[in-house]
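What follows is a single structure, written as structure tokens, with notes after it.
None of the figures in this text is laboratory data; all of them are computed from the coordinates on show. Just so it is clear, the structure is predicted and the values come from calculations on it, not from any experiment. Cβ: placed from backbone, ideal geometry, glycine included. Neighbour counts: every protein chain shown.
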Amino acid sequence: MKRVMIYKRFERFWHWMQALLVILLAVTGFSIHFHWNLMEFETAVFLHKVFAWCFVILIAFAIFWHFTTGEWRQYLPTRKGLGAQIRYYLLDIFKGRPHPVKKTQLSKLNPLQAATYLGLKILVIPVLVTSGFLYYYYNDWHIVGIESWSLAPVALIHTVAAFAMIAFMFAHIYLTTTGTTPLSNLKAMVTGWEEVEEA
């Protein structure tokens, strides 16, 4: 085993800031949608808008970083090792067997992670952000000629996408514990360093 820098500083910042913003957006969003008594409705709407704009700005920086550093290649889907990775999560992990795909500096994600994160980045997050802005700027729909649209489907799509994001987050937290030790993946995302097998 050798200790290598897997996660760069911006990558760690982006990861933790995104997690924080998703949590804050969920709390304020569900306060609005389900009328939780955590805060006043107007406060929840205002904070949700602020956190949404912070999320969009973070996404813009992340896209820039991914493309200027070449890290976007981490998300290219592959079928190589996909079946073994699915089998690992469904069966082999419970038998104490090792991960079928080894993490390296050039390949941080296993095939299932790459496909999942790609789907999150090109489907769930764009749907969440687009429906959120359509929802928030409902009174301005006439400016772009979509005033005949119904708000109900937009709200439903936004809520479904929010639940998908939260489901991803819970699965992500659980899978974080499947490293060499239950906290090794978490430690790597805090420090950037991880113990990997030598080639």
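Distance check, please: which entries in LYS95/LYS187; LYS2/LYS187; LYS121/LYS187 exceed 20 angstrom between their Cα atoms?
Details: LYS95/LYS187 24 Å; LYS2/LYS187 15 Å; LYS121/LYS187 24 Å.
Violating the 20 Å Cα-Cα cut-off are LYS95/LYS187; LYS121/LYS187.
Under the criterion of Cα pairs below 8 Å and six or more residues apart, the relative contact order for the chain equals 32 percent. The GluC sites (Glu not before Pro) of region 1-105 meeting both criteria, a DSSP state outside H, G, I, E and B (loop) and at most 11 other C-beta atoms within 10 angstrom of the site's C-beta, are GLU40. Given a 10 angstrom Cα cut-off, can you work out which residue in ALA162, ALA52, ALA171 is the most mobile in a GNM of the chain? With Cα springs under 10 Å in the chain, the top fluctuation among ALA162, ALA52, ALA171 is at ALA171.
Starting from the Cα gyration tensor of region 45-174, take the square roots of the eigenvalues, sort them a ≥ b ≥ c, and report rounded, prolate or oblate (rounded when a/c is under 1.5, otherwise prolate if a/b is larger than b/c, else oblate). Present the calculation step by step, with values, prior to reporting the outcome.
On the way: a/c = 2.78, a/b = 2.00, b/c = 1.39.
Because a/c hits 1.5 or more and a/b exceeds b/c, region 45-174 counts as prolate.
Of all the options ALA19, ALA114, ALA152, the one that moves most in a Gaussian network model of the chain with Cα springs shorter than 10 angstrom is ALA152.
Taking LEU109, LEU183, LEU90 as the candidate residues, the one with maximal mean-square fluctuation in a Gaussian network model of the chain, Cα springs under 10 Å, is LEU90.
For the pair region 113-128 and region 39-66, the centres of their Cα atoms are 18 angstrom apart. Among the GluC sites (Glu not before Pro) within region 146-199, those in coil by DSSP and having at most 11 neighbouring Cβ atoms inside 10 Å are GLU147, GLU198.
Which of rounded, prolate or oblate describes region 98-180 when judged by the alpha-carbon gyration tensor and an a/c cut-off of 1.5?
prolate
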